[in-house]
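> Here it is, the structure in full.
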Amino acid sequence: MSASRIASKLYQGSLPPFVGELHRARIHTLVLCAAELQPSESVLPGIEVLRCGFVDNFEPVCFSTLGMIDETATRVAARVRAKKRTLVTCAAGLNRSGLVTALALTKLYGVSGRDAVAWVQRARHGALFNPVFVAILEKIPASLHAAPALRTLDSTPPG
């Protein structure tokens, strides 16, 4: 499975892995961010699937798609808080998955979008090079509303 650990219980990777790989990695929730890669849930038995298919074309993201991405990141954060291993994927495992993962980090740990981008980029080499996605994230300020219980040494940014 081509995935990087971003934080405790949160992973980012490419292409939806085979169900056997997901079970071996003890992944509970699989997030599918590539619009073109949305396999049937029948090939993913025993895995919760969150669908958030959108494109990575370096063009502005429409309002409804931003809403879907935000809702998915909220659901990812909830799964991580519930201590469920969650894997966020897209085709290459870099931009779309990076956007959702970084947004989830802002919700989990209260970090700014800029800090979330740096966190993801340190944890997954080559991630988040789409300037449109980075600009979206950089508008998010740090927050004091993240769950304090998740602010542990295990969940600090790598590096």
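Taken together, the values in this text are just the output of simple stated rules run on the coordinates, not laboratory data. Given the structure is predicted, the values throughout are model-derived calculations rather than measurements. Cβ coordinates were reconstructed from backbone atoms using ideal geometry, including for glycine residues, and neighbour counts include every protein chain displayed.
> Indicate the gyration tensor shape class of the chain (rounded, prolate or oblate), computed on the Cα atoms with a ≥ b ≥ c the square roots of the eigenvalues: a/c under 1.5 is rounded; otherwise a/b larger than b/c is prolate and the rest oblate.
oblate
> Defining a contact as two alpha carbons under 8 Å apart and six or more residues distant in sequence, what relative contact order in percent does the chain show?
For the chain, the relative contact order is 27 percent.
> How much net charge surrounds Gln12 when only other residues with a Cβ under 9 Å from its Cβ are counted (Lys, Arg +1; Asp, Glu -1)?
+2
> Another question, then. Identify unpaired cysteines across the chain, taking unpaired to mean no other cysteine Cβ lies under 4.7 Å from the residue's Cβ.
Cys52, Cys62 - these cysteines have no disulfide-compatible partner (Cβ-Cβ under 4.7 Å) in the chain.
> Work out, step by step, the length gained on full extension between Ser42 and Arg26: first 0.36 nm times the residue separation, then minus their alpha carbon distance; give nm to one decimal.
Result: 3.9 nm gained on full extension.
> Let me ask something else about it. Taking the simple approach of a point 7 Å from Cα along Cα-to-Cβ for both Lys84 and Arg51, what is their distance in nm?
1.7
> Which order results if Arg85, Arg96 are arranged by neighbouring Cβ count within 10 Å, fewest first?
In order of increasing Cβ crowding within 10 Å: Arg85, Arg96.
> Amide H to amide H, which residues 5 or more places from Val49 or on other chains are under 5 Å from it, using H placed in the peptide plane?
The answer is Leu30.
> I would also like to ask the following. Over the chain, what is the percentage of antiparallel beta bridges among all DSSP beta bridges, to the nearest 5?
Among the beta bridges of the chain, antiparallel pairing accounts for roughly 20 percent.
> Let a ≥ b ≥ c be the square roots of the eigenvalues of the Cα gyration tensor of the range 1-40; is it rounded (a/c under 1.5), or, if not, prolate (a/b larger than b/c) or oblate?
oblate
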